[in-house]
Amino acid sequence: MSIIISPSLLSVDFLELKIELERLNQVDDLWLHLDVMDSHFVPNLTFGEPVLNKIKTVSKHKLDAHFMVTNPDFFIENFKNVGLHNFTFHWEAVTHHDRLIQKIKEFYPSVGISLNPSTPLSAVPHYIWSKVDLVLLMSVNPGFGGQKFIPEIVDKVIELDQIRHANQFNFQIQVDGGINEQNAGYLIQAGANNLVAGSFIFSEPNKNYSERIQKIR
Ligand code: DX5
Ligand code: ZN
């Protein structure tokens with residue numbers, strides 16, 4: 001599986017959103033990670049469909065939406081014209097997981113499930129792994145950029161990679177939160193193939209984001 005870096009828009013200068021997106025267009029093989037928060041599932045509020053509709057007119061990258069919301073069901077049809085590539089919802093937010101996965105598949109090429117740091121892999125029944133395209137392991141508690149990486153998540157990645165190999169599942173393993181040039185290598189060795197990074201990339205003082213992305217790679 002190829003390694004994908006997915007810069008998280010949460011850390012950009014929103015007053016320069018178009019220019020920031022154009023800077024990212026200078027780098028190839030990225031996904032653009034879009035953190036949709038509802039101030040209910042997490043204590044923070046970000047952006048919704050009108051903003052994402054504008055983003056899609058500028059960004060050349062695949063749009064990777066991470067819904068940190070209590071009711072992901074509300075967003076499936078509302079966002080269908082945004083052109084999202086991947087739609088990830090939080091396992092903890094939902095009761096009818098299988099039904100939601102089926103519905104997301106009607107509208108989006110890729111469906112992801114996200115697990116908070118404290119949610120064990122055993123919370124997900126075995127048959128679900130074959131139905132998803134991506135599993136996002138949170139390596140910080142969701143809601144904010146710029147938090148410290150929780151190192152125990154590396155073992156969770158190893159465990160998930162073992163499940164994937166043993167059963168020949170095809171899902172991507174994405175890790176999100178506190179990723180930088182120090183921990184990226186451990187995560188890739190552990191089996192992750194898709195890394196989200198916000199503050200590490202966008203804190204580059206000269207806005208030379210490709211340099212930070214290259215460091216992660
Ligand atoms: C946190 C978000 C992340 C966040 C990552 O809840 O899901 O995508 O923006 O930012 P950093 O890389 O700064 O931890
Ligand atoms: Zn995220």
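On the basis of the beta-carbon distance and an R0 of 30 Å, Lys54 and Glu204 show a calculated FRET efficiency of 0.80.
If you rank Ile163, Ile201 by how much accessible surface each has, with a 1.4 Å probe, what is the order from largest down?
Values: Ile163 40, Ile201 0 Å².
Accessible-area ranking of Ile163, Ile201, largest first: Ile163, Ile201.
Using the Cβ-Cβ distance between Gln147 and Tyr127 with R0 set to 45 Å, the FRET efficiency from 1/(1 + (r/R0)^6) comes to roughly 0.85.
If you take the Cα centroid of the stretch 1-74 and the Cα centroid of the stretch 147-217, the two points sit 17 Å apart. Starting from the Cα gyration tensor of the stretch 1-85, take the square roots of the eigenvalues, sort them a ≥ b ≥ c, and report rounded, prolate or oblate (rounded when a/c is under 1.5, otherwise prolate if a/b is larger than b/c, else oblate). Cα axes put the stretch 1-85 in the prolate bin.
Suppose all protein chains stay in the model; what accessible area per residue would a 1.4 Å probe give for the chain, in Å²?
On the way: 9910 Å² over 217 residues.
That works out to 46 Å² per residue.
How far, in nm, would the chain grow between Asn167 and Asn81 when pulled straight, counting 0.36 nm per residue and subtracting the alpha carbon separation? Numbers along the way, then the final one.
Values: separation 86, 0.36 × 86 = 30.96 nm, distance 3.44 nm.
The span from Asn167 to Asn81 would gain 27.5 nm if fully extended.
The dipole here belongs to the stretch 43-132: it is taken about the Cα centre, uses +1 on the Cβ of Lys and Arg and -1 on the Cβ of Asp and Glu, and is about 320 debye.
The accessible-area ordering, largest first, of the residues Arg217, Arg164, Arg99 stands as Arg99, Arg217, Arg164, per a 1.4 angstrom probe. The lysine pair count for the chain, using Cα distances under 15 Å and pairs eight or more places apart or on different chains, is 13. Of Lys156, Lys131, the residue with the largest accessible area leads and the full order is Lys131, Lys156 (1.4 Å probe).
Overall, the accessible surface of the stretch 1-141 at a probe of 1.4 angstrom is composed of carbon and sulfur to the extent of 50 percent. Counted over the chain, the DSSP beta bridges are approximately 5% antiparallel.
Annotation: the antiparallel percentage among DSSP beta bridges lying fully within the stretch 51-123 is about 0. About the centre of its Cα atoms, the chain shows a dipole size close to 300 debye [charges on the beta carbon of Lys, Arg (+1) and Asp, Glu (-1) only; nearest 20 debye].
The values are calculated or read from the model by the stated rules, or taken from the named source; none is laboratory data. Keep in mind that this is a model prediction, so the values were computed, not measured. Cβ sites come from the backbone with ideal geometry, for glycine too, and all protein chains shown count toward neighbours. We work out accessible area using only protein heavy atoms, side chains counted, and drop any ligands, DNA or RNA first. Shrake-Rupley method; radii C 1.70, N 1.55, O 1.52, S 1.80 Å.
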